[in-house]
Each structure stands twice: as structure tokens, then as C-alpha cells.
Amino acid sequence: MKVDVSNSISIKRPLNTVASFAADPDNAPQWYVNIRSVEWRTTKPLRIGSHIAFVAQFLGRRLAYTYEVVDLVPGERFVMRTAEGPFPMETTYSWRGLDDGGTLMELRNRGEPSGFAAVTAPLMAAAMNRANRKDLAKLKRILESGGADG
């Protein structure tokens, strides 16, 4: 069973502000509830082919995985993919400017779990949906409070 979870949120900040903050892996622990740490496996700056290792806590388990950047169009989309573990995953961020000067951000996670992870796919999809909503809400709070102006 494939898992495909997509959530979006309107953020009252300019597109470039939202996109540059969200697409910077170093900022991930600030707005992703479950991400504990980030480590660059390739040199900065972010580009197609970059490898970034994440450590997360999800459904009570510690997860360590390395994403590879497979698509990057600044201010439009950012796609990372991992083939590690029982649940290969692709994460996509996309942004669209709104008429009011704000930004619509979409966060999409999709993958095809194998083994025991395939049995728990519906539970994982529901948990990912909840986590994504929380993450986007936290991102919105940070950005709308001026947290990205640093």
C-alpha cells in the first residue's frame, strides 16, 4: 500500500521568506516537531545531489535516515528522497504566492513501505497527516512572528 499525505497552509509572509526558511535543512528542528537533529553529509550550499542526515522521533521510535535532494527550484519546490529502511520516502515542499502577499506552502510525503511497515501503512499515514499539520502550524507561527528574520 502506498502512502501519500499532503497538507498545506497559508502563511502571511512573502514567498521568498517562507521558501528560503523552510528549504534550509538547518531550520528543520525548529519547525518539525519530530526532527531532533540535522547533519550535512555533503558540503553546503543546498543543491540537487546534496545529502542531509536527519534523526527523528516518530511513533515512539528513533529514526535515522539520509535524504538526497532530487529537485530544487528556489521559491517554487524542493524535493528530497530516501531509499533507506523499511519505508522509502519522498518529501516535497512547494510554495505559491497569494494575492494578499502571503504564501501557500504544501508539504507532501509519499512512499511505499515494505515488510511490517506495509501492514502499518494506514496508521503511519494518519500519524504523518497529524504531524504534518502540526509542523506547518509551527512553521506558520515562527514565520508570522518574525522568527525567520533572525
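The values are calculated or read from the model by the stated rules, or taken from the named source; none is laboratory data. If you're wondering where the values come from, they're calculated on a predicted model, not measured in any experiment. All Cβ positions, even for glycine, are placed from backbone atoms using ideal geometry, and neighbour counts span all protein chains on display.
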Among the residues that make up segment 72-86, is at least one of them in a strand (DSSP E or B), surrounded by fewer than 15 Cβ atoms within 10 Å (Cβ to Cβ) and at pLDDT 90 or above? yes
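Rundown of residues vs (1) touching a residue at least 24 places away in the same chain (Cβ under 8 Å); (2) assigned to a helix (DSSP H, G or I); (3) out of contact with any helix residue (DSSP H, G or I) (no Cβ under 8 Å at 6 or more places or on another chain), yes/no style:
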| site | (1), (2), (3) |
| --- | --- |
| Asn7 | yes, no, no |
| Arg13 | yes, no, no |
| Thr17 | yes, yes, no |
| Asp26 | no, yes, yes |
| Pro29 | no, yes, yes |
| Lys44 | no, no, yes |
| Ala56 | yes, no, yes |
| Tyr65 | yes, no, yes |
Based on this model, can you work out whether Gly101 counts as in contact with a Pro (Cβ under 7 Å, 6 or more places away or on another chain), part of a loop (DSSP other than H, G, I, E, B) and surrounded by fewer than 18 Cβ atoms within 10 Å (Cβ to Cβ)? yes
